[in-house]
Amino acid sequence: MKYYLTTPLYYVNDKPHIGHAYTQVATDVMARWKRLEGNDVFFLTGTDEHGQKIERTAQAAGKEPKAFCDSIVPKFKDAWKKLDISYDHFIRTTDPEHEERVQSVMQTLFEKGDIYKGTYEGWYCTPCETYWTDLQLEDGKCASCGRDVEKLSEETYYFRLSAYQDRLLKLYEENPGFIAPDTRRNEVISRVSEGLRDLSVSRLKSSLSWGVPFPVDDRHTTYVWFDALLNYITGVQWPGGERFKYWPADLHIIGKDILWFHAVIWPAMLMALGVELPKRVFAHGFWTVEGEKMSKSKGNFLDPLEAIDNYGLDAFRYFLLREVPFGQDGDYSESALAQRNNTELADAVGNLVMRVVTLLNKYTEGKIPPRGKQEPGDGNFIQSLSIYEQASAKMEKQEFDKALDIIVGLARNTNKYIQDTKPWVLAKEDTDRLNAVLYNSAEAVRILAIYLDAFIPDSAAGIRKQLNVKPQLLKGAKYGFFEEGHEVGQAKVLFKKLEAKPRHAFERVDLRAARIVSVEDHPEADKLYVLRVDLGSGQRTIVAGIKPYYEPAELEGKTVAIVANLEPAKLRGILSEGMLLAAEKDGVVGLLSVGAEPGTQVIAEGIRPRAAKKISFKNFGKLNISVKGGKAFVDSLALSAGDKPVTCERVKDGKVE
Ligand code: MSP
């Protein structure tokens with residue numbers, strides 16, 4: 001049977017991050033599983049290259065849009081190679097075949113009356129490439145990402161989305177599996193029930209030129225989402241190409257943020273075109289990193305390639321799918337990844353393989369023994385190897401975490417079987433019985449490798465090498481494959497135990513940019529000022545001993561670095577809620593200044609502070625903060641806020657105490 005599955009097309013304005021890697025790995029695992037089932041699989045991925053966002057990013061990089069995209073696409077391809085993503089075709093929305101087909105779709109829909117001319121008045125969010133009405137905005141910002149939107153009032157062509165409400169609702173009702181998971185399905189149904197507005201599908205060339213020219217009216221450019229969604233059919237050579245045999249898509253895997261486009265707009269487009277509908281759209285959840293939303297300014301942008309370098313490809317792939325039920329949000333943390341790797345991959349799977357191959361080498365000259373003296377208890381064990389139906393039921397629903405639990409359960413069972421039957425004792429007493437236990441265990445390991453092949457192909461290949469067997473399909477996951485005398489290879493460690501990297505003390509410190517609002521003398525102390533500082537979210541008081549070094553006028557309006565989570569302390573009767581940072585050298589004292597908005601967090605290269613608690617003055621004092629060449633460092637790691645270095649004007653080299 002054919003099986004066609006897709007990922008979203010990634011915007012090329014950035015390099016791939018964990019969110020992208022997640023969609024890719026999940027789709028890859030599904031594709032590999034379907035291949036292991038013996039299906040003729042087609043796996044499509046690619047890049048989304050048109051639209052305002054890309055146009056602006058290219059401009060900022062000083063490049064023509066197409067040249068800019070050409071420079072980014074290899075980064076995605078390299079990342080997918082490193083992640084071992086087994087896609088069959090990589091589509092770019094700038095591929096001429098795609099662009100031509102998009103144009104013919106627009107022409108056809110216009111001729112059919114599904115696209116018509118009108119005026120658009122509303123708001124546009126460029127990062128999301130999404131239109132919003134006044135009512136949809138949240139506090140005047142984009143309802144999806146919370147960023148600023150731009151007012152638009154211009155001539156546009158509309159797609160008659162409103163005409164498809166009933167047919168869409170019928171689709172959801174008749175095909176309960178069309179949108180997954182269920183919670184998301186319910187959300188879509190309730191929104192669609194409220195009614196649908198027609199969708200603006202063109203922009204005047206004067207405001208957007210980077211896109212597929214709108215065929216009906218050459219003053220217009222095609223809306224990027226309309227163009228991008230069509231990739232799912234143009235990528236299989238619709239209409240008429242040989243690859244179109246793969247349509248309809250069996251599964252579109254996407255993130256929850258773009259479900260509306262895939263579960264509402266996309267099927268309506270296909271209905272308008274008279275093309276068969278896809279079978280299922282699965283919206284996965286979002287990852288946070290160490291408890292926080294990823295963002296560049298926080299410095300917690302998780303580079304999947306770095307994670308692979310640090311922990312290994314399979315530990316990373318395994319973690320992504322095992323840690324969080326697919327469809328729910330999850331948190332990426334090094335310690336959780338290390339934990340999964342250590343208990344499930346290293347202890348359960350790795351140990352088992354090592355044990356079995358070592359036992360075979362030790363007791364049966366590296367050869368598979370005859371089936372030996374089987375005992376009634378073995379029957380149960382052998383029975384437990386047939387997990388195909390259970391695992392496959394989970395995979396059909398994209399419940400990867402549960403499927404993995406079942407598969408790793410097989411490794412645990414086998415470890416227990418070996419523990420219970422004690423081959424090292426049998427070796428002394430009962431060769432016939434030893435043979436049975438070793439034969440059965442070797443079969444278990446072979447079968448385990450078949451299942452794992454979809455998830456961690458590299459390690460599965462490692463197991464096959466140790467057993468000296470070729471790749472097999474899932475139908476080979478049945479007891480009784482090995483012939484007596486088959487020579488196995490040498491035992492080798494498959495998974496190293498991981499230690500989450502030790503944390504840097506800087507992680508416990510919350511340094512922030514703060515603007516000095518007012519400066520007063522401390523009524524009780526000669527050397528102290530009482531400052532009010534603005535932290536963006538509010539103001540607070542800080543008592544600082546800098547009176548001998550600064551005039552009030554030099555301080556007011558200055559944005560400086562403060563320790564925002566220092567335990568508050570009374571200084572001569574006034575409560576100080578933080579501390580200014582200053583460097584000192586030979587009696588000269590200079591404050592550390594920051595070029596970012598008040599409230600911006602100060603980060604150190606490679607370290608993202610996660611300060612949940614207050615820090616004591618004593619513990620803060622243990623940090624080694626210094627100024628070198630006018631720039632601030634903690635150890636040898638440069639401090640910055642909002643991508644700008646933390647600096648000191650007065651002291652070029654000195655210690656911060
Ligand atoms: N170009 C559109 C998709 C067009 S499909 C015809 C787009 N691109 S994207 O690059 O912004 O996002 C691609 C995918 O990454 C989406 O499925 C999105 O949900 C996913 N993720 C982006 N950030 C994510 C996390 N933090 N966590 C998990 N996935 C997230 O949207």
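Throughout, read-outs are computed from the coordinates displayed, never taken from laboratory work. Because the structure is predicted, anything quoted here is derived from the model rather than measured. When we count neighbours, we look across all protein chains shown, and the Cβ atoms used for this are built from the backbone with ideal geometry, even at glycine.
For residue 202, the amide hydrogen comes within under 5 Å of the amide hydrogens of 157, 223, counting only partners 5 or more places away or on other chains and with H modelled in the peptide plane. Charged neighbours of residue 568, selected by a Cβ distance under 10 Å, balance to +1 (K, R count +1; D, E count -1). The aspartates and glutamates within cross-link reach of residue 547, meaning a Cα-to-Cα straight distance under 12 Å and a gap of 8 or more places when in the same chain, are 520, 521, 526.
Which peptide among 64-75, 21-32, 256-267 comes first, and what is the full order, when sorted by highest mean count of other Cβ atoms within 10 Å? Walk me through the numbers before you get to the answer.
Numbers: 64-75: 16.4, 21-32: 24.3, 256-267: 21.0.
Answer by packing, highest mean first, reads 21-32, 256-267, 64-75.
Region 224-241 and region 13-39 have Cα centres spaced 20 Å apart. Between residue 330 and 286, 287, 288, the built amide H atoms are under 5 Å apart, and every one of these is 5 or more places off in sequence or on another chain.
Taking every DSSP beta bridge that has both ends in region 2-285, the antiparallel portion is near 50%. For the Cα trace of region 2-285, dividing Rg by the Kirkwood Rh returns an Rg/Rh value of 0.94. Region 153-173 and region 512-544 have Cα centres spaced 57 Å apart.
Which of the three applies to region 86-210, rounded, prolate or oblate, going by the alpha-carbon gyration tensor with a ≥ b ≥ c and a/c under 1.5 meaning rounded?
Numbers: a/c = 1.35, a/b = 1.09, b/c = 1.24.
Judged from the Cα gyration tensor, region 86-210 comes out rounded (a/c under 1.5).
Looking at the chain alone, DSSP beta bridges between its own residues are antiparallel in about 75 percent of cases. Once divided by 2.2 N^0.38 Å, the Cα radius of gyration of region 316-476 becomes 1.08.
Rounded to whole numbers, the Karplus 3J(HN,Hα) couplings from phi for region 187-192 are 4, 5, 4, 5, 5, 5 Hz, using 6.51 cos²θ - 1.76 cosθ + 1.60 with θ = phi - 60°, and x at Gly and Pro. Applying a threshold of 29 Å to the alpha-carbon distances of 82/631; 34/82; 362/465; 34/293 flags 82/631; 34/293 as lying beyond it. Less than 5 angstrom separates the built amide H of residue 94 from those of 49, all sequence-distant by 5 or more or on a different chain. Placing +1 on the Cβ of every Lys and Arg and -1 on the Cβ of every Asp and Glu, with no other charges, gives the chain a dipole of roughly 1500 debye about its Cα centre.
Structural size metrics of the chain, computed from C-alpha coordinates, are Rg and Dmax of 30.4, 93 Å.
Each residue of region 68-85 is assigned a 3J(HN,Hα), and the resulting list reads 4, 4, 4, 7, 8, 3, x, 5, 5, 4, 5, 5, 5, 5, 5, 7, 6, 8 Hz, derived from the Karplus form 6.51 cos²θ - 1.76 cosθ + 1.60 (θ = phi - 60°), x at Gly and Pro.
Computed 3J(HN,Hα) for region 154-166, one whole-Hz value per residue from the Karplus formula 6.51 cos²θ - 1.76 cosθ + 1.60 where θ = phi - 60°, is 7, 5, 8, 9, 10, 9, 6, 4, 4, 6, 9, 3, 5, glycine and proline marked x.
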